[in-house]
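Engineer: Submitted below is the structure of interest, expressed as structure tokens.
The values are calculated or read from the model by the stated rules, or taken from the named source; none is laboratory data. Just so you know, these numbers come straight off a predicted model, no measurement behind them. So basically every Cβ, Gly included, is an ideal-geometry build from the backbone, and we count neighbours across all protein chains shown. Please note that ligands, DNA and RNA were not included when accessible areas were found on the heavy atoms of the full protein model with its side chains. Shrake-Rupley method; radii C 1.70, N 1.55, O 1.52, S 1.80 Å.
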Amino acid sequence: MTSDGRQEFAENAELGDIRELKGKKRPKTRPAIVLNEHIVEIVSDSGEGAQRCGQSLAAIAARSGNGIWTVEIIPAEIQPPHRSIAGASGNRVRIASQPVTNGGDEADLVVALNEQVLLSRLHAGEIKPGAIILIESMWQFDPNPEIATAYASVCAKIRAEGYRLYEIPMEAECQKYVHDPRRGKNMFVLGMLCAIYSFDTDMAQAQVRFTFAKKDQKVIDANIELLDAGRNWADDNLDLKYEISSHPVSAKQVVMNGNAALALGVVASGMEVCSMYPITPATSASHYLSDIFEKVGCVVHQAEDEISACTFAIGASYAGKCAVTITSGPGLSLKQEAIGLAVMAEIPLVVINVQRGGPSTGLPTKVEQGDLMASIFGGHGDAPKVVMAVSSIEDCFYSAITARKIAETFNTVVIVLSDAGLATAQQPFARPVFNADWLAPPVNQSAVPEDAKPYDWDERTGIATRFVPGQPNGMHCLTGLAHDRDSHVAYDPEINEEGLLQRSRKLAAFQTTLRLEPVYGGDDGDLLLIGWGSTRGAIEEAVANLRAQGHKVSSLHLKYLQPMASGIDAVMDRFDKVMTIENNWNDPPDDPLITKANRRYSSLANLLRSRWLVDIDCWGKARGQPLKPASIMQAALTKLEKP
Amino acid sequence: MTAPMSQCLMQMVQTDYALSDYQSEIAPRWCAGCGDNAILTAMQRLCRDEQLPPEKTVCVSGIGCSSRLPHYMNAYGFHGVHGRALPIAEGVKIRRPDLHVFVTTGDGDCCSIGAAHWLHAIRYNMNMTVLLHDNQIYGLTKKQTSPTSPHGLKSNTTPHGAVLNPLNPLTVTLGVANVSFVAQAVDWIPDLLYETLSKAYHHKGLSFIRILQRCPEFMDHRFDDWVRDPSKMRILTHADGLRLKPEVSRIYKNQETHDPRDMGRALAISSLNDEIPVGILYRDPSVPCYDELRAGERPNTPALVQTVLNEEFDKVGIWPDPATAPEIRE
């Protein structure tokens, strides 16, 4: 390092790769190292645009034909203190030559706009040992000696720990082009990353134009200038040149995050009413829906609370317009009584629960699969409903359509479980081709036969044809009280049991339509991992890696959790050991207090153990982070080794 | 609420509906002397007089004695969960402007467990008629103090007398943004109850009627002073409000001409202690209705959904040949 620190960088001495660059410029065309994949993180204080930078990088990579997966790094506060460990905000982008289904393991390259946010990621164990770190170097000249010292000591520490540290005067470089580099530095970083990963210049510029499409031309021009400046600076000054081989897409694709896919799925499902109350991390789905729903003549109603959001949706569904309410864990708890009403009165209703860490306010911005039991059993009394989980971004889109169809076919509640991980993760998928069958049919307003009953349950399926307001002769009083086929209040024991039977029978009838997904890996072997929801990609990647190492490990993914498809027992029988992999809590079996008599298992493990009377194990984490393939591999290896 | 043109045309070809067409096959099971019976009768008279097709009429309720009313109407009924009648009714109405929506709720249902929905329903001002059956007591759960119970009331939850002053549903409602129709009626003057209900029905927006209702089981004699002494009833009249029949006018001589546009006077009248006001306290037909503000401008057709989805897919599209991609735009 030189005292002025500008236009220079330092590298890790222990790698034996120090280059003194003063006065020299590197050749622009350096042969790129070809990689299979890289995980890139951009972290900054909140408001410095690291998230936008990461999203743009991901979009450029996706358009270039790379597989991508993004993970948002979100502080819990809107404006956390600057330069604070808790305030790290940004985006992780996994860029690969093949399609990827999860965020992968630790980051290979990190861009940090200050050393505190970098520490946050190091503490979280999210950065690979020896990873490349590009850090904003302006802090070393900070007039506040505490800041300058903090910066210097972190740099010294991470260099000592073997990371490849590049100190980059981003602020100073940006000042050459814009007055306030705090806004715009992210595009400089994007330019550097495009240079490092050899992305096409035109593609990058088009992406910047798209990102700022709503701003005026001056803003767009300034950002493109910064993008180009970042690219040139990196070409001139960095010895980092990679290429992640890509496969040009052979068919049209779209790239979006899970909440956007859910919102588009709601549009495609023909549902006309979404009634919601703001809650993280579900709200962005409603934001997007609010933007586009009116274009198709539909409405997003922001209700006064979660309970009214749910009952409003029930009212709309009752009147013939199947509705959706979108929420997260605490909202689900509040909706439970109303969900019970929809089950009891047999009104179709779609509830989307974008799960976050719980209980109580928990981890609002973080991922957890903690609501499975609450979804299935949360309400009082016996309230059978359908619970399904989404496992990819594409699945978010189609599940909204499927959920509406199930809800209206079986006149029941369908809970769709997504989570904070999928909510903000971006992934490309095949562009859906519109199908008019997705949409709901027009509301039936034809006359009901004179003697027809509103709950004329079919003895085989338990399904009754619903009478919708406006249908002549169909008048009846729907009630949450126990009722007979005429919808008359009935406290008679036989009638109560008949209602319970028919509502339960509908679930059994629906269950007969389910097909178990094929086992991933081999049909039999030493260990079967069973998962649900967003962990699918990480579990299957772990299985693929384990199998490549010669281990007889497979996995089974369950989309429907209530009811579950038949045949799970037969699959489990073909493996020596079975273990669920879940992003939720279970008691560690090696804890001195924990015994067979008191161990609390992960949710799916509980369900499978009680259903099939099998002593299966579970492995899970509830750290608020997506599960990593490497952690799953380690858990599987440990399980394989156990007697 | 107003009837759309198509409704009027339909009514011309429809056979006349009689009172019995709105009576369900279930006989009311309220206690003898319960004020709810009078409210039910007024509802059925209104439906008959307005010739509302039963299949286009929806009565939504929560939980409580009052909320049993939909079972006794031959119409579509929705007997929901405690406190949530209003949001259910809002959901019914949001995409079905053709339905006539009535809400029956009680003082516990509306002013206690459902209080948040009450305030916001007033603010949404959707086209519906809300009947608050206020008997100042929890009846179905057997005599607990309600938010409108008088101070000092001895009940199962306040055996030494209620320690709090009651909440006044009229002043609360009048204080909410977008309030557009507030009236009060009593079950023991059926003519005025009917007249008030009729005015409420014809109001465009949310019409809120508080109906003081006698509970012979748990609040017997609560309103005896007013039932026995018509001079303690203050009848609000106006060219734009109630117009009294001569026989009613002869009994209820304590009358005040009150302009329903006068919010200040409405609040003062609502706060009277010794006298019970009956009639229209406040009306402003110019307040926008949420259901109309949020009505879709375009019908939700498959072609439109396809177009909008494709527009959104284009924004996030990846094309095999970038040259064929449409220009990326927001």
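Engineer: A:A548 to A:A508: FRET efficiency via 1/(1 + (r/R0)^6), r the Cβ-Cβ distance, R0 51 Å, to the nearest 0.05?
Structural biologist: The formula returns an efficiency of 0.80 here.
Engineer: For a quick check of your reading of the filter: which trypsin sites (Lys or Arg not before Pro) in the stretch B:280-316 sit in a DSSP loop and have no more than 11 other Cβ atoms within 10 Å?
Structural biologist: Details: sites: B:R283, B:R294, B:K315; in loops: B:R294.
Sparse-neighbourhood loop trypsin sites (Lys or Arg not before Pro): none present.
Engineer: If you rank A:E540, A:E161, A:E494 by how much accessible surface each has, with a 1.4 Å probe, what is the order from largest down?
Structural biologist: A:E494, A:E161, A:E540
Engineer: Can you show me the helix-derived [θ] at 222 nm for chain A, built from DSSP H runs with n ≥ 4 at -39,500 (n - 2.57) apiece and divided by the number of residues, rounded to the nearest 500.
Structural biologist: Per the formula, -11000 deg cm²/dmol.
Engineer: Taking a quarter of the surface of the convex hull around the Cα atoms of the protein assembly as shown, what do you get in nm²? Spell out each step's value before the answer.
Structural biologist: Values: hull surface 185.9 nm².
Reported value for the Cα convex hull: 46.5 nm².
Engineer: Further question: With runs of 4+ DSSP H residues as the only contributors, calculate the mean residue ellipticity of chain B at 222 nm using -39,500 (n - 2.57) per run, divided by the residue total and rounded to the nearest 500.
Structural biologist: -8500 deg cm²/dmol
Engineer: A follow-up question, please. Using a 1.4 angstrom probe on protein heavy atoms only, which residues from the stretch A:243-291 are buried by at least 30 Å² of accessible area when all chains are present rather than their own chain alone?
Structural biologist: Residues of the stretch A:243-291 that lose at least 30 Å² of accessible area once the other chains are added: A:V249, A:K252, A:Q253, A:V254, A:V255, A:L264, A:V267, A:E272.
Engineer: Another question about this same structure. For the stretch A:118-263, restrict the atom set to alpha-carbon positions and state the Rg and Dmax in Å.
Structural biologist: That works out to 17.7, 56 Å for Rg and Dmax.
Engineer: In addition: Report the calculated FRET efficiency for A:I495 and B:D284 (r = Cβ-Cβ distance, R0 = 45 Å), to the nearest 0.05.
Structural biologist: 0.40
Engineer: Tell me, what is the FRET efficiency for A:D569 and A:R623 to the nearest 0.05, using R0 = 35 angstrom and their Cβ-Cβ distance as r?
Structural biologist: 0.65
Engineer: So what are the ³J(HN,Hα) numbers for the stretch A:101-114, from phi and the Karplus equation (6.51, -1.76, 1.60; θ = phi - 60°), rounded to whole Hz, Gly and Pro as x?
Structural biologist: 10, 6, x, x, 9, 7, 6, 8, 9, 10, 10, 10, 8, 7
Engineer: Hey, what's the protein assembly as shown come to in accessible area per residue, 1.4 Å probe, Å²?
Structural biologist: Details: 37660 Å² over 973 residues.
Heavy-atom SASA per residue in the protein assembly as shown reads 39 Å².
Engineer: For the stretch A:90-168 and the stretch B:115-155, what is the centre-to-centre distance using only Cα atoms, to the nearest Å?
Structural biologist: 59
Engineer: Taking all protein chains in place and a 1.4 Å probe, what share, in percent, of the accessible surface of the protein assembly as shown do carbon and sulfur account for?
Structural biologist: The C+S portion of the solvent-accessible surface of the protein assembly as shown is 52 percent.
Engineer: Further question: Kindly identify the stretch A:114-159 as rounded, prolate or oblate by the Cα gyration tensor criterion: order the square roots of the eigenvalues as a ≥ b ≥ c, call it rounded if a/c is under 1.5, otherwise compare a/b with b/c, prolate if a/b is larger, else oblate. Don't skip to the end; give the middle numbers.
Structural biologist: Working: a/c = 2.38, a/b = 2.05, b/c = 1.16.
Cα axes put the stretch A:114-159 in the prolate bin.
Engineer: So, one more: For helix B:302-315, what angle does its Cα long axis make with the longest principal axis of chain B, in degrees from 0 to 90 and rounded to 10?
Structural biologist: On a 0 to 90 degree scale, this one is about 60.
Engineer: So, in nm, how far is label A:D486 from label A:H82 when the simple model puts each one 7 Å beyond its Cα toward the Cβ?
Structural biologist: 7.5
Engineer: Averaged over A:421-433, how many beta carbons belonging to a partner chain fall within 10 Å of each residue's beta carbon?
Structural biologist: Details: counts 0, 0, 0, 0, 0, 1, 0, 3, 1, 1, 8, 3, 4.
Mean inter-chain Cβ contacts per residue within 10 Å come to 2.
Engineer: Continuing with this model, one more query. Enumerate the lysines that B:K232 could reach by cross-link, defined here as Cα to Cα under 17 Å, with residues fewer than 8 away along the same chain left out.
Structural biologist: B:K253
Engineer: Rounded to the nearest Å, what's the spacing between the alpha carbon centres of the stretch B:254-330 and the stretch A:576-622? Just the number, please.
Structural biologist: Spelled out, the Cα-based centre of one part sits 49 Å from the other.
Engineer: Something else about it: Considering every pair of different Cα atoms, what Kirkwood radius, in Å, is found for chain B?
Structural biologist: After inverting the pairwise mean of 1/r, the radius is 21.3 Å.
Engineer: Rounded, prolate or oblate for the stretch A:32-244? Axes are the square roots of the Cα gyration tensor eigenvalues, ordered a ≥ b ≥ c, and the cut-off for rounded is a/c under 1.5.
Structural biologist: rounded
Engineer: Report the B-A buried area as the accessible area lost on both sides summed, probe 1.4 Å, in Å² to the nearest 100.
Structural biologist: 5700
Engineer: For chain A, find the longest principal axis of its Cα atoms and tell me its angle to the long axis of helix A:493-511, 0 to 90°, nearest 10.
Structural biologist: It works out to around 40 degrees.
Engineer: Right, here's the next one. Run down the lysines and flag those whose C-alpha is under 25 Å from the C-alpha of A:K628, throwing out any fewer than 8 positions away in its chain.
Structural biologist: A:K128, A:K366, A:K552, A:K559, A:K577, A:K639, A:K642
Engineer: Next question. List for the stretch B:286-309: residues with 50 Å² or greater reduction in accessible area, all protein chains versus chain alone, probe 1.4 Å?
Structural biologist: B:R294, B:N300, B:V305, B:V308, B:L309
Engineer: Of the candidates B:V305, B:V179, B:V287, which one comes out as most mobile in a Gaussian network treatment of chain B with C-alpha springs shorter than 10 Å?
Structural biologist: Of B:V305, B:V179, B:V287, the Gaussian network model singles out B:V305 as fluctuating most.
Engineer: State whether the stretch A:444-513 is rounded, prolate or oblate according to the following rule on the C-alpha gyration tensor (a ≥ b ≥ c being the square roots of its eigenvalues): a/c under 1.5 gives rounded; otherwise a/b larger than b/c gives prolate, and the remaining case gives oblate.
Structural biologist: Cα axes put the stretch A:444-513 in the oblate bin.
Engineer: Let me ask something else. So what's the stretch A:525-641 giving for Rg/Rh, alpha carbon basis, Kirkwood Rh from the mean inverse pair distance? Don't skip to the end; give the middle numbers.
Structural biologist: Working: Rg = 13.4 Å, Rh = 14.4 Å.
A ratio of 0.93.
Engineer: Any residues in the stretch B:82-120 that have 20 Å² or more less accessible area with all protein chains than in their chain alone, probe 1.4 Å, and which are they?
Structural biologist: Buried on complex formation: B:R84, B:P87, B:I88, B:E90, B:G91, B:V92, B:I94, B:R95, B:R96, B:H117, B:H120.
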